[in-house]
1. Answer rounded, prolate or oblate for the stretch 76-192, using the Cα gyration tensor with square roots of eigenvalues a ≥ b ≥ c: rounded when a/c is under 1.5, else prolate when a/b is larger than b/c, else oblate.
2. Once the other residues with Cβ under 11 Å from the Cβ of residue 601 are scored (Lys, Arg +1; Asp, Glu -1), what is the net sum?
3. Which parts of the stretch 91-125 would a label at residue 168 reach, counting a residue when its backbone N lies under 11 Å from a point 7 Å out along Cα-to-Cβ?
4. Which FRET efficiency value, to the nearest 0.05, is calculated for residue 672 and residue 765 with the Förster distance at 41 angstrom and r the Cβ-Cβ distance?
5. Check residue 197: other-chain or 5+ apart residues with amide H under 5 Å from its amide H, H built from backbone geometry?
6. Put +1 on the Cβ of every Lys and Arg and -1 on every Asp and Glu Cβ in the stretch 76-192; which of 181, 160, 81 then has its Cα farthest towards the positive end of the dipole?
7. Got a sec? How would 761, 645 order by Cβ neighbour count within 10 Å, fewest to most?
8. Hey, any idea what the orientation-averaged projected area of the convex hull of the chain's Cα atoms comes to, in nm²?
Amino acid sequence: MNLSKKSILFISLGAYALISFFIFSCSKSSDEETGGSTSADLGDYRLDEYVGASTCAECHAEAHSKWEESHHYHAMEVPSPETVRADFNNTEFVNYGVTTKFFMKGEKYMVETNNQQGEMEIFEIAYTFGWEPLQQFLVKFPDGRMQVLPTCWDVEKKEWYHLYPDEEIAHDDPLFWTRSMQNWDHMCADCHSTNLRKKFDDSTQTFATAYSEINVACESCHGPGRDHVEFAKAGTGWGGLDNFGFVDVNSTNIAQIETCAKCHARRGFVHPGHHAGSKFLDHFLPEVTQPWSPDMSVPTYHVDGQIDDEVYVYGSYIQSKMFHQGVKCVDCHDPHTVKLHTPTNQLCTRCHIPNEQNPTGFDTPDHHFHQSGTKGAQCVECHMPEKTYMGIDDRRDHSIRIPRPDLSVKHGSPNACNRCHIDKDAKWAADAIEERKGSERPTEVRHPDAFHSFRTGKPDAEELLIAACKDPHSPAFTRAGAMLALRRFVSDASFDEARRNLDSNQSVIRVAAVSKLEDLPVDQSHAPLVRMLHDPILSVRTEAARILSRSPPTLFGSEDLRLFRKVFRELKQRYTHNLDRPESHLSLGILAENQGDPILAEEHYRSAIKRESTFVPARMNLATLLSRRGRNHEAEKLLREAIRYQPTWGQAYYSLGLLLAEDRSRLTEATQILERAASYATDNPRILQNLAIAYWQQDKIDPAISSFKQALKISPDNLELLQNLVQLLMQRQKWDAALPYARHMAGLLPGNIQVKEILAYIERNSTR
């Protein structure tokens, strides 16, 4: 577990804020939803249905022995001379002036480091965490929670190191080791143990987390084994028990991949009770090429879909051609040791045999241009380049892509060639490949131009994103990301594309399309969202219910209202399951506001802050709520606290600027704050629009016009922006300047009589 400060607010995709804050796949058939359980089968298995790996070993000794070689076996263990790989012989490690000491006290493993008050304290190590290339350690607190120490052991170098060597993580930082971002119960345990039951008592603020087994054992992948064992002991044969009493995770490649994806994916929580064979999107929502948050976008993938931040393999693999051809995890990895079947090119050449394009084969210098047996001749070096996370952990990009240094030249994304040829630039690499492979060669359909235009604010972004959404050959992962990016645009074309994608056979696309409809007025979004309450996938229908929570009951028919309330209960389970998390209280607060209960909303926002004092979104939403209720002084205090915790977050400055602008005597101060907001959120047209209005109110006309124009570069079809700018230019009798904007507005509203009259008036006064 390693989170950078830039991703701190995105690691849990479970919170929805008033600021549009959504915070952290297929066989060869046409629909990825072919395997696994149905949404009706969402209940948890009981602990007593799990028999344990030792029971499995009685009959499956060979598989058990191989599993003991795996990282899954060592995922979490009680500290002992056999399990602790680090040096606890009175060793010290210094990071930003804090000296952490590791030592023994009898048979106990101890650490002295700084606590949440910034004072030195001695803690006992409760568990080891991981095996290689690094090992971490857990500390148990009196309230039952367990926290992950940031100082880790480098197994190869045999030395201590810090997860954040280039960042000072002070005791009041959200990433400090005793705070919620480093909490084992929520952040880690579900993937490092089998059949986890996070038990948090909100009334006492205590944890009693339980699991069937401490590590990733047999039943993590095969499902509970009680029925299997009982049939085996009965000796009556297997005729009456489907798939030998286990979940069939091998029926399709998606069934197996989604079993692995529970842990090997960057994802947000949707519903408890996931088990082997469950449909992934009934329980989790993966982060795709473009993050779910339109206002706080911190992409975890490069524009071409390559991994950037830590995404844990699944997201890159389901972009790959191999995934779409039905290749499963165990086709490359031994299911028990989790090691590659062979670490050489022979793994790839089992399938990639000579063909017309490569008559001499793929494992030859004719194909890879490197001397056989060298590092550069390895398939993975070109097609699965590594990136290092957690300081020393190299992870390969599983999108298995064609090297594209030409995209490095065009967009700045990395490429495999220059990872080794560091003395050369991307153009050299691009030219070399074109010379050897020719200009006409296969390219992927991940639409890097669309995402690059979107992220750099180019005027063709919307058109390219819509084209990406429409491309049937593009991975669902890419199309979902393109749909989320379209949330920045308010055009009819973008909403039409969202409505079209409500019928996609890919659930991750449907949930993104539903999310886009949040930007429509309630009366326009209500009917299509009600239809999505019937969706078989939980992520889709609960996202619809979340947005529908703002609809008044009078808009629902009686049957629709009953269905909404049923799905709304499913939605609330997402948050009540995780009341230890500030994000859950934030989401419950938003739902309460949407349902017209500001008192309950305030209670939840304050609970979120109580759970994690550094959690900024709760302060933002509480400030908005209090401001609406006339408590501006309290709201201002909260917003300034938010800025203190997130000093480069434009949205916090924006909210504070709007609040101060309500007092005309503070308009100058408000404008300065809005300028800060615009400097940090350079792609937000609404911030620029309000900054322009603030300038206008102070008769600073040139800066106002400039800000309006800047906003229109980001959102060229925004009618509100166009109307404001035209009005300002008309007021100042800048007829020639107003004319192109008025014409554009008339083109967007061809039947609007008032707009036609305004255009005619401007044309009469213009010299053009």
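1. It is rounded, given that a/c, with a ≥ b ≥ c, falls under 1.5.
2. Here the charged neighbours net out to -1.
3. From the stretch 91-125, the list is 96-98.
4. According to the calculation, E is roughly 0.70.
5. 210, 211
6. After comparing all options, I get 81.
7. Listing 761, 645 from fewest to most nearby Cβ atoms yields 761, 645.
8. Over all viewing directions, the chain projects a mean Cα-hull area of 38.7 nm².
All of the numbers you see were taken from the coordinates with simple rules; none came from a lab. Worth saying up front: this structure is predicted, and the values here are computed from it rather than measured. Cβ coordinates were reconstructed from backbone atoms using ideal geometry, including for glycine residues, and neighbour counts include every protein chain displayed.
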